[in-house]
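Data first, discussion second: the structure below is written as structure tokens.
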2 protein chains.
Amino acid sequence: MSKLLIVGTVAFDAIETPFGKTDKILGGAATYIGLSASNFDINSAVVSVVGEDFPDEYLDLLKKNNIDIEGIEIVKGGKTFFWSGKYHNDLNTRDTLDTQLNVLADFNPVVPESHKDAEFVMLGNLHPLVQLSVLEQVENPKLTVLDTMNFWMDNALEDLMKVIEKVDVITINDEEARQLSGEYSLVKAARKIEEMGPKYVVIKKGEHGALLFHKDQIFFAPALPLEEVFDPTGAGDTFAGGFIGYLARTGDISFENMKSAIIYGSNLASFCVEKFGTERMQSLTGEQVDKRLDKFRKLTQFETQLD
Amino acid sequence: MSKLLIVGTVAFDAIETPFGKTDKILGGAATYIGLSASNFDINSAVVSVVGEDFPDEYLDLLKKNNIDIEGIEIVKGGKTFFWSGKYHNDLNTRDTLDTQLNVLADFNPVVPESHKDAEFVMLGNLHPLVQLSVLEQVENPKLTVLDTMNFWMDNALEDLMKVIEKVDVITINDEEARQLSGEYSLVKAARKIEEMGPKYVVIKKGEHGALLFHKDQIFFAPALPLEEVFDPTGAGDTFAGGFIGYLARTGDISFENMKSAIIYGSNLASFCVEKFGTERMQSLTGEQVDKRLDKFRKLTQFETQLD
């Protein structure tokens, strides 16, 4: 059984969308990645940090989903990272209302012994130096995937570039790809980013799907057209968790297999947005995932009569 | 050999993009639709109107592409419809600088005898009453496709609704689908538009591809990720021409075959934007189209290992 190591935030979110609002609920990149990857039969562990205010039931939820939480440090007297945001009416843009780093400010990640030999490593969105530290503690991974965002491009570009140089795959959104590369065309942007280090570039376009680039090859996974998007929080992390979870489960890191991996990523993300926070991911069954995979197939597979 | 009847503008365009600008060049919805559909072995005819200022070489160009131009009225002393526009830097939006209706103001379309029995009818963007008149002159078409735009929703909604009620397929862009239906979700928008008449709804999303809806079925054709988009003018019409051209060529109007039809539409549109105006479409070969179809296949076709 493949081992997957995940680093990222485990946090409280307070979310407001046109459909309602929540108090502090379970959130964080590593949470979404872990829950998403738990849909595959793999051995995953999360490295993160929370405060003493973090409820046991949330930790139990991760354990219940076969996620090893030994690497989640609980800081005595500390407060858990908190993010609060409000989505605009089109759900494509949001304002951050509040960010409290709390215990994240002095986070020094320690990879548990059990997962130092993890074949798959997912560096969820966090300070690039934290990501780098995790990468240095892992012995000889088969595939490393980096997720990051514009905040680190604006505030810690030099550190970020050091991580980008070392990973196999980077997943970022279209605007971030443009910012990082200085190219408007995503084809050109991906090529420039490959020159920075990663052999594979995944560009997430939200409701417009995701693109996978490797040298001259391109693959596109659509987002499933939905009647309602309830809450986009965590969709990108869920996508990343499905991507690396599928690769870890199959053990095949070829470009052909990465095609299926981003389809699985889109598949899982399409569930995530159906309810607030992690709610939908908590109730998700393998049967539902399989059924929706069939929808993705019908959505994109075709046979022509002329060639 | 199937007959395809096309109504739409045959016009002069003056275009400015970040990459350059043109004087008056050949343009118009019916021109792009006709050139695109001419990539299939069908018998097509254009119904339109031009002024005495319209160059013979442009008419010869259409004839050379096996387009019957008997239905293009040439108004003595009249001036040809003229549109001028300037694209913004992202090429997704544009400003109209000038619109001169000229001979289009009093256009009374006459379908040539040879094509009154056309099995396929493409109503390109024009005043809905002109589209309606063409529809009424055709005897018993197998498939009718309507393209329109927000201008007619704003200025001639009642007439537009009469055409929408009568056609089998409508092709509009995402913003227009939202305006017409009052729904933000494209899934809901398509359902509402189906209730207005069309059995099939095609929603064009430009660089984000196109969606085909029919009852509970959805298919998605991506746009080909391109290094450079030179000039988006006519891409939507080229898409529509490829869609109906493929259907006319195969004679199969099933949902399954429409999937391939929108792939062909995307395929042809991806060439159109590579040069100014109709330039790229004029030099396009069947071999190039086939080769790019293979790119579309690689872009979207996948096989998973888990199900």
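The values are calculated or read from the model by the stated rules, or taken from the named source; none is laboratory data. Everything quoted here is computed from the prediction, not taken from an experiment. Here the Cβ positions follow ideal geometry from the backbone for every residue, glycine too, while neighbour counts run over all protein chains shown. Just so you know, the surface numbers come from the protein's heavy atoms only, side chains and all, with ligands and any DNA or RNA stripped out. Shrake-Rupley method; radii C 1.70, N 1.55, O 1.52, S 1.80 Å.
I need every pair where a residue in region B:235-255 that is of a type in the set (Asp, Glu) has its Cβ under 9 Å from the Cβ of a residue that is open to solvent by 20 Å² or more (accessible area, probe 1.4 Å), sequence separation at least 6 or different chains. Hits for this filter: B:ASP237/B:ASN125; B:ASP252/A:GLN305.
Per the listing A:GLY286, A:GLY234, A:GLY251, A:GLY265, the residue uniquely crowded, with 20+ Cβ neighbours inside 10 Å and within 13 Å of chain B (Cβ to nearest Cβ) is A:GLY265.
Beta carbons closer than 8 Å, at least 6 apart along the sequence or on distinct chains, pair a first residue in region B:290-307 that is more than 8 Å from chain A (Cβ to nearest Cβ) with a second that is crowded, with 18+ Cβ neighbours inside 10 Å and assigned to a helix (DSSP H, G or I) for B:ARG292/B:ASN267; B:ARG292/B:SER270; B:ARG292/B:PHE271; B:PHE296/B:ILE263; B:PHE296/B:SER266; B:PHE296/B:ASN267. The one condition from (1) surrounded by fewer than 20 Cβ atoms within 10 Å (Cβ to Cβ); (2) farther than 29 Å from A:PRO18 by Cα; (3) of a type in the set (A, V, I, L, M) that A:VAL111 does not meet is (1). All told, B:LYS76 meets the bar of being without any contact (Cβ under 8 Å) to a residue 60 or more places away in the chain and either buried (at least 17 other Cβ atoms within 10 Å of the Cβ) or more than 14 Å from every other protein chain (Cβ to nearest Cβ) (or both). Scanning region A:256-278 for residues that are among the charged types (D, E, K, R) and in contact (Cβ under 8 Å) with a residue 40 or more places away in the chain yields A:LYS259, A:GLU274, A:LYS275. Taking only region A:196-224 into account, find how many residues are open to solvent by less than 40 Å² (accessible area, probe 1.4 Å), within 12 Å of chain B (Cβ to nearest Cβ), without any contact (Cβ under 8 Å) to a residue 60 or more places away in the chain and part of a loop (DSSP other than H, G, I, E, B). Result for region A:196-224: 3.
Looking at B:ASN257, B:ASN173, just one residue is away from chain A (no Cβ under 13 Å) and of a type in the set (S, T, N, Q), and that residue is B:ASN173. Of all residues in region A:282-307, those satisfying the criterion of being within 20 Å of the chain's Cα centre (by Cα) and in a loop (DSSP other than H, G, I, E, B) are A:LEU284, A:THR285.
Checked against (1) over 20 Å from the mean Cα position of the chain (by Cα); (2) in contact (Cβ under 8 Å) with a residue 12 or more places away in the chain; (3) exposed (fewer than 15 other Cβ atoms within 10 Å of the Cβ); (4) over 26 Å from A:GLY245 (Cβ atoms), A:ALA105 passes all but a single condition, namely (2). Taking region B:107-143, which residues are out of contact with any strand residue (DSSP E or B) (no Cβ under 8 Å at 6 or more places or on another chain) and either among the small types (Gly, Ala, Ser) or under 23 Å from B:ASP159 (Cβ atoms) (or both)? Passing the criteria: B:ASN108, B:LYS116, B:HIS127, B:PRO128, B:LEU129, B:LEU132, B:SER133, B:GLU136, B:GLN137, B:GLU139. With respect to the conditions (1) more than 26 Å from A:SER84 (Cα to Cα); (2) within 14 Å of the chain's Cα centre (by Cα), A:GLY251 falls short on a single one, namely (2).
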